[in-house]
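Below you'll find the structure, written out as structure tokens, and then a few comments.
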Amino acid sequence: MDYRGQRCPAPIVALGRASRSTPGAVVELLADDPAAEFDVPAWCRLRGATLLSAIEAGGADTATWRVFVIRLPEA
């Protein structure tokens with residue numbers, strides 16, 4: 001799910017929708033809103049999801065963004 005260029009809570013809302021439609025799935029979320037660094041792990045803790053990884057990406061000539069890999073909670 002690519003949410004670069006969109007502000008929170010859009011990525012969080014997308015995680016909520018995905019968890020309802022595909023419980024237990026592993027999803028990749030791309031986000032460049034600095035708030036996502038805190039909001040995504042918090043959402044995982046509150047909803048019982050597992051944050052498998054959070055990697056910072058981008059380079060000197062591009063904007064910084066993060067790739068989150070999340071196992072959604074089971075139904």
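For the reader, a short list of remarks on this structure follows.
Each row is one residue, and each column tells you yes or no for (1) closer than 14 Å to ARG66 by Cβ; (2) modelled with pLDDT of 95 or more; (3) surrounded by fewer than 17 Cβ atoms within 10 Å (Cβ to Cβ).
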residue	(1), (2), (3)
ARG17	no, yes, yes
ASP32	yes, no, no
TRP43	yes, yes, no
LEU51	yes, yes, yes
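- Restricted to region 11-75, the set of strands (runs of 3 or more DSSP E) holding at least 3 residues that are closer than 12 Å to MET1 by Cα comprises 26-31, 65-71.
- Among residues that are under 21 Å from ALA75 (Cβ atoms) and under 10 Å from the mean Cα position of the chain (by Cα), LEU46 is not included.
- Every residue from region 16-43 that is within 13 Å of the chain's Cα centre (by Cα) and of a type in the set (Val, Ile, Thr): VAL26, VAL27, VAL40
- Residue count for region 25-75 under the criterion of being in contact with a strand residue (DSSP E or B) (Cβ under 7 Å, 6 or more places away or on another chain) and of a type outside the set (Lys, Arg): the result is 29.
The values are calculated or read from the model by the stated rules, or taken from the named source; none is laboratory data. This is a predicted model, so every value here is computed, not measured. When we count neighbours, we look across all protein chains shown, and the Cβ atoms used for this are built from the backbone with ideal geometry, even at glycine.
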